[in-house]
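Read through the structure below, which is laid out as structure tokens, and then see the notes.
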């Protein structure tokens, strides 16, 4: 079954606790938390103190996506704040292996993310260290962008390599995800859908999550 990780970026910033409770009540699998620094991406969102404040409010796994430079410096803070999975960008660090090791050594699951313009080859050497590969399907930094369909081949390629190496690595997608693009990503090999506006804007989030969870696997699989 596909995992659904609604993005807190689309929640009401003045009512994050209520937004988190809504996700849990509606059956989300994870809570996707975007951390932006205004350097790697133009926008600024939340930091470890907000993650720490939200942690007692929910039993959902926190899927923390660090869109920040020098992530290794900040990994201990986000581990201490209660992150269950921490994803760092290959574009932000020259010591990706050290960042992934620090996350795992700290007791969390480790993820690596690539931007739409970054070739998959940039992350393939690290697959054995990953619990999750996050394929960005828009340029990170702002919500509401249009899905970039050329990323579907990247998802398919990643799935083939993961299966060839007999690894257990989730493939998550983030950016412009809705009913149509989410289904296409799952058919290409994605196992986790991170989405904001399409879920928070749904009339019935619980029904929408249940619909997405039932998306089928790859065509021909």
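Things worth noting here:
- Cα shape, segment 91-175, gyration tensor, a/c 1.5 rule: oblate
- For the chain, share of DSSP beta bridges that run antiparallel, in % to the nearest 5: 5 percent
- Structure-based [θ]222 nm, the chain - -39500 (n - 2.57) summed over DSSP H runs of at least 4, per residue, nearest 500: -9500 deg cm²/dmol
- For segment 3-213, averaging the sequence separation of C-alpha pairs within contact (under 8 Å, six or more residues apart) and dividing by the residue count gives a relative contact order of 20 percent.
- By average C-beta atoms within 10 angstrom, highest first, the peptides 92-98, 201-207, 77-83, 1-7: 1-7, 77-83, 92-98, 201-207
- A crude spin-label estimate for the pair residue 139 and residue 121, with each label 7 Å from Cα along the Cβ direction, gives 2.3 nm.
- Peptide ranges 67-73, 11-17 listed from the most packed, as the mean C-beta count within 10 angstrom indicates: 67-73, 11-17
- Peptides ranked, highest mean first, by Cβ atoms within 10 Å: ranges 183-190, 34-41: 183-190, 34-41
Every number here is computed from the coordinates shown, using simple stated rules; none is lab data. Just so it is clear, the structure is predicted and the values come from calculations on it, not from any experiment. Note that we place each Cβ from the backbone using ideal geometry, even for glycine, and neighbour counts take in every protein chain shown.
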